[in-house]
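Working notes, beginning with the structure itself.
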Amino acid sequence: MVWKECEFSKNYMILKPDNAKLLDLFLFLLPFGLRKTKFIDCPEGYEDSYNNFTDRWSIFISVLLQIILAAAATPLAKLDSFLVNLFNFISFNGGILGLLAKILKGKGLVKPNEDSSDYTSVLGFADWRTDLDSSIPLHDTFRYYGGLTIMAAKIAYESKPFVQSVVNDRWKNTATDDPNIIVIAFRGTSPLDTYDWQVDADFSWYDIEGVGRIHSGFMKALGLQKATGWPKELTKPQHDFAYYTLRQKLRDIAKANAKARFIITGHSLGGALATLFVTLLSLHDETTILEKLQGVYTYGQPRVGDRRFAEFMVNTVQQYGFKYYRYVYSSDLVPRIPSDGVIFKYKHFGRSIYFNTLYKGRIVKGQPNKNYFSLLWVIPKYLSAWWELVRSFITPLVWGFDYYESLLMSAARIIGLIIPGLAAHFPLNYVNSTRLGKLKVPDEVEDPILEDDIEGDY
C-alpha cells in the first residue's frame, strides 16, 4: 500500500516491508551496516539522518512487525470470522445454557443474522456493556462526557443496525440533556484485523506544508489524495473519502442548526483519526465547524505527528477554545507508538489523563514509559499484566455484575502475559477507568501543551 510518487510532499520517509528481507534488516542494525535499502523510501541524501542506533532500532521494529502482521493476516482473518460466527451463534440461541437446552429438547437452532441489531463484533463480546453509567450526574461534565465518549468509541466497532439500536433504544433518554450535542466517533483497531495493526505499526510519514510530519497510514485512512495531498475541495471525486464525506455532513448540520455542538472521539486508531480530522479542518479553515467543536476525547491514541504537528494542534485548540482530553490506561502499548526518537520525532500534545491499574487517575505531561520498546520498562509491564489478570477476578466482587469479564477478555489477559500492554488496550479498561477512576481535574488540564514542554505531574 505504498505510493511510489509523493507529488504533494517534498520530505517523507516511507517504510516498505514488502521489499525487506530478514538479512537486510539485521545488517541495517549494525553500526557500519546498510543505510541505503530497498525498504526505506526517502529523498536523496536523507539516509545520513538515521545513523542513530535508536532510530535504526525503531525502523527495524516497525518493518519487522509489519512483516509478521502481513504473514499472519490470513489465519487471523479466518480466526476472526470463526469467533464472530461462533459467539453470535451462541448468543442468538440464548447463551451456552440456552443452546444446550435447545439441543437436548430437539428444538431448531437459530442462525445468526448479520443484519440484526444483536449481531456483535469480537470486541463487543469482550465487553458486552452498552448502557451509559447512570450514576454519573450530568453536571459533572468531565466525567459524564468521558463516560459518554468512551461508550460511543466502543460501539463504533459495531455494525450500523447495532449502533442505531443502542443509540435510539438505550441512550435516547440518558445520553445528554442537550439535544444539540452531536458525538462523532471514529472506529479504531480491531483485535484480529492485521491491516489495522499494520497501520499502527507503520512509522512512515509525509511532511505536510504548514502542519508538519504526519503518520502516512492515518492520512491514507482518512482520504489522502495521491497527487494533491489534502486539497480543500475535491474536483472530481471517484470515491467517498472519510474526511470529505464527514466534513460535508458537519457543514450541513452546522448550517441547519445554529445551536449544534460537536464532540469528536475515538479509541486506538479511531483516536488518531479523530485528532487528524480536526487537524484537517483547521488546515482548511473550516471555522464554522471548529467554532461548534466542544471537545475531542481520545482513548489509547497513538502519536499522529511530529513536534510541528503538535504545535499546530496546540494553536488550533487555543484558537477555537475546545477541550482536548487524551486518556491513557496503564501500560497500553498503542499510546507509546510510533517512537518519539530522533528520526521519527512523533509527539503527543495536550496533557495525558493517565489511569494506573488501580484506576487511580492523574494529569501528566506524558504517560509513564513514553516508548513501548523501552527495555527499562519490560519488568514493570509484565508485572502490570499479571496484576490485571488477578484483578479481573476481584473487581466484580467489589463493584458488581457489570464488571465481570467475559471468557474472551480473560483470554486476552492471558495473551497479555506474553505481549504486555496488549490487553490493556481493550476499551473495557477505559470504560472502567471513566466509571471507577478517581480523578480531580485541575484548571491546568484546560491548557494544551506538548508532552515534553513542562516537568512534573498535575
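Here is a check on your reading of the model: is D80 among the charged types (D, E, K, R), outside any loop (DSSP other than H, G, I, E, B), at pLDDT 85 or above and open to solvent by 60 Å² or more (accessible area, probe 1.4 Å)?
Taking the combined requirement at face value, the residue does not satisfy it.
Could you go through region 59-73 and let me know if any residue there is in a helix (DSSP H, G or I), surrounded by 13 or more Cβ atoms within 10 Å (Cβ to Cβ) and over 29 Å from the mean Cα position of the chain (by Cα).
Scanning region 59-73 turns up no residue that is in a helix (DSSP H, G or I), surrounded by 13 or more Cβ atoms within 10 Å (Cβ to Cβ) and over 29 Å from the mean Cα position of the chain (by Cα).
Filter region 333-365 down to the residues that are part of a loop (DSSP other than H, G, I, E, B) and either at positive phi or among the charged types (D, E, K, R) (or both) and list them by number.
D340, K345, G350, R351, Y359, K365, listed by residue number.
With touching a Phe, Trp or Tyr at 6+ places or on another chain (Cβ under 6 Å) and either without any contact (Cβ under 8 Å) to a residue 60 or more places away in the chain or open to solvent by 10 Å² or more (accessible area, probe 1.4 Å) (or both) as the only criterion, which of I363, I337 stands out?
I337
Results for (1) open to solvent by less than 10 Å² (accessible area, probe 1.4 Å); (2) in contact with a helix residue (DSSP H, G or I) (Cβ under 6 Å, 6 or more places away or on another chain), shown as yes or no for each residue.
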| residue | (1), (2) |
| --- | --- |
| L192 | no, yes |
| D207 | no, no |
| H215 | yes, no |
| F218 | yes, yes |
| Q225 | no, no |
| L250 | yes, yes |
| K255 | no, no |
| A274 | yes, no |
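Working only within region 399-415, note down all residues that are small (G, A, S) and either on the phi > 0 side of the Ramachandran plot or open to solvent by 30 Å² or more (accessible area, probe 1.4 Å) (or both).
Answer for region 399-415, where residues must be small (G, A, S) and either on the phi > 0 side of the Ramachandran plot or open to solvent by 30 Å² or more (accessible area, probe 1.4 Å) (or both): G400, A411.
Across region 275-303, which residue is nearest to A153 (Cα to Cα) among those that are outside any loop (DSSP other than H, G, I, E, B) and among the polar types (S, T, N, Q)?
Once the filter is applied, the top-ranked residue is T298.
Looking at N88 and the list (1) over 21 Å from Q164 (Cβ atoms); (2) not in a loop (DSSP other than H, G, I, E, B); (3) not aliphatic (A, V, I, L, M), which single condition is not satisfied?
With (1) over 21 Å from Q164 (Cβ atoms); (2) not in a loop (DSSP other than H, G, I, E, B); (3) not aliphatic (A, V, I, L, M) applied to N88, the lone miss is (1).
Taking D169 as the residue in question, decide whether it is at pLDDT 85 or above, charged (D, E, K, R) and outside any loop (DSSP other than H, G, I, E, B).
yes
Can you list residue pairs whose Cβ atoms sit under 9 Å apart, with the first residue in region 54-78 being of a type in the set (S, T, N, Q) and the second being assigned to a helix (DSSP H, G or I) and exposed (fewer than 15 other Cβ atoms within 10 Å of the Cβ)? Count only pairs 6 or more apart in sequence or on different chains.
Hits for this filter: Q66/D18.
Every residue in region 84-123 that is over 19 Å from L407 (Cα atoms) and in contact with a Phe, Trp or Tyr (Cβ under 6 Å, 6 or more places away or on another chain), please.
V110, P112, S117
Hey, I96 hits all of (1) of a type in the set (A, V, I, L, M); (2) under 23 Å from Q198 (Cβ atoms); (3) open to solvent by 40 Å² or more (accessible area, probe 1.4 Å); (4) at pLDDT 90 or above but one; which does it fall short on?
For I96, the exception is condition (2).
The values are calculated or read from the model by the stated rules, or taken from the named source; none is laboratory data. For clarity, every value in this text was computed on a predicted model and none was experimentally measured. Ideal geometry is used to build each Cβ from the backbone, glycine not excepted, and the neighbour counts take in all protein chains shown. The protein model used for the area step is the full one, side chains on, heavy atoms only, and it has no ligands, DNA or RNA in it. Shrake-Rupley method; radii C 1.70, N 1.55, O 1.52, S 1.80 Å.
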